[in-house]
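Peer 1: Let me begin by handing over the structure; questions about it come next.
The values are calculated or read from the model by the stated rules, or taken from the named source; none is laboratory data. The model shown is predicted, which means the values in this text are computed figures rather than measured ones. Methodologically, a virtual Cβ is constructed for each residue, glycine included, from the backbone with ideal geometry; neighbour enumeration extends over all protein chains shown.
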């Protein structure tokens, strides 16, 4: 079968690889769409210790069951798949903190999403694979995984109908965060970023949009919030400067959530008295759980969160390298690899 194989930073080629063999309880799917994630782009640029070449990238997967050794699934079922799952029985899982389960990457899809066919191991087939209803398109469902990560983040915050939330970052995840916090009941959402075409799209999602290249974000946010600052800030960019600005802007008793990974060996200076006397909470969020994925798919299937404002480009399997390269340049917002697209497809939606 054909797959887009990562051989090292900047090197992705389409090759023939062996189809995965199913074990009892597994299913095999024909991949229909796979989203291009920021982590795929980072791996393409510099590699990661978690991805040993040769490897198949991609994990935001929707597809059709073509072979099943599972009691739960039959040939022809349309599914969305979470790409990993916690063990469910360790102390972290039993405390409801499955995203930091030490075994969370032990159970994962094989070999990756930029491929024609994929094996879903038994645990994922039973606990992390979700059926699509007939009215849900592949394009809607393919956002389930990134949206689930935003939902998991929002669950860390005490968002209420009075909440004023600032999202720092205009990438795909920052824009998805605006929809999630609105769905969680936030009163107002402010988004700041530095990419003009993404900020134009953000105007359809957020109540206020700030171009951080043209405005001082701290003073502008203070102005919007009548000097109080936001009650919640999600830092959706790997920037220490942005995290420091969040500490300057947050209101008394507010919550700051660091979303996404920073480069190694970075340090964030924190005034402990600001945390202590102002009762500010500094939080983190990583990944998602199956229940977050299910809620994400529910929101997408019900059209409470739409895909049209997020997915802007479609590529064929032979153009994965181009999709990743353009992702480094912030082209568009969100790209998908369409496994049924004709060779050479490069389409702006």
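Yes/no matrix, rows are residues, columns are (1) surrounded by 16 or more Cβ atoms within 10 Å (Cβ to Cβ); (2) assigned by TED's automatic domain parsing to the domain that holds residue 9:
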{"position": "280", "(1), (2)": "yes, no"}
{"position": "298", "(1), (2)": "no, no"}
{"position": "301", "(1), (2)": "yes, no"}
{"position": "319", "(1), (2)": "yes, yes"}
{"position": "325", "(1), (2)": "yes, yes"}
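Peer 1: Within region 20-59, how many residues turn out to be more than 20 Å from residue 80 (Cα to Cα) and either assigned to a helix (DSSP H, G or I) or touching a strand residue (DSSP E or B) at 6+ places or on another chain (Cβ under 6 Å) (or both)?
Peer 2: Looking only at that region, the number is 9.
Peer 1: Still on this structure, please answer the following. Cβ-Cβ under 8 Å, sequence separation 6+ or interchain: first residue in region 204-219 and assigned by TED's automatic domain parsing to the domain that holds residue 170, partner surrounded by fewer than 18 Cβ atoms within 10 Å (Cβ to Cβ) and assigned to a loop (DSSP other than H, G, I, E, B). Which pairs?
Peer 2: The qualifying pairs are 204/309; 205/309; 209/203; 211/194; 212/194; 213/194.
Peer 1: Just to check your reading of the model, which residue among 154, 141 is within 19 Å of residue 281 (Cα to Cα), in contact with a helix residue (DSSP H, G or I) (Cβ under 7 Å, 6 or more places away or on another chain) and crowded, with 17+ Cβ neighbours inside 10 Å?
Peer 2: 154
Peer 1: Do we have any residue at all in region 89-98 that's touching a helix residue (DSSP H, G or I) at 6+ places or on another chain (Cβ under 8 Å), buried (at least 18 other Cβ atoms within 10 Å of the Cβ), in the same structural domain as residue 36 (by TED's automatic domain parsing) and without any contact (Cβ under 8 Å) to a residue 60 or more places away in the chain?
Peer 2: no
Peer 1: Also, quick follow-up: Looking at 63, 47, 35, 58, which is the one that is surrounded by fewer than 20 Cβ atoms within 10 Å (Cβ to Cβ) and in the same structural domain as residue 337 (by TED's automatic domain parsing)?
Peer 2: Residue meeting the stated conditions: 47.
Peer 1: Inside region 196-288, counting only strands (runs of 3 or more DSSP E) that do not spill past its ends, which hold 3 or more residues that are over 24 Å from residue 150 (Cα atoms)?
Peer 2: none
Peer 1: Mind listing whichever residues of region 171-190 are touching a strand residue (DSSP E or B) at 6+ places or on another chain (Cβ under 8 Å) and closer than 17 Å to residue 258 by Cβ?
Peer 2: 171, 173, 174, 177, 181
Peer 1: State whether one or more residues within region 95-109 are assigned to a loop (DSSP other than H, G, I, E, B) and farther than 27 Å from residue 40 by Cα.
Peer 2: Among the residues of region 95-109, at least one is assigned to a loop (DSSP other than H, G, I, E, B) and farther than 27 Å from residue 40 by Cα, which makes the answer yes.
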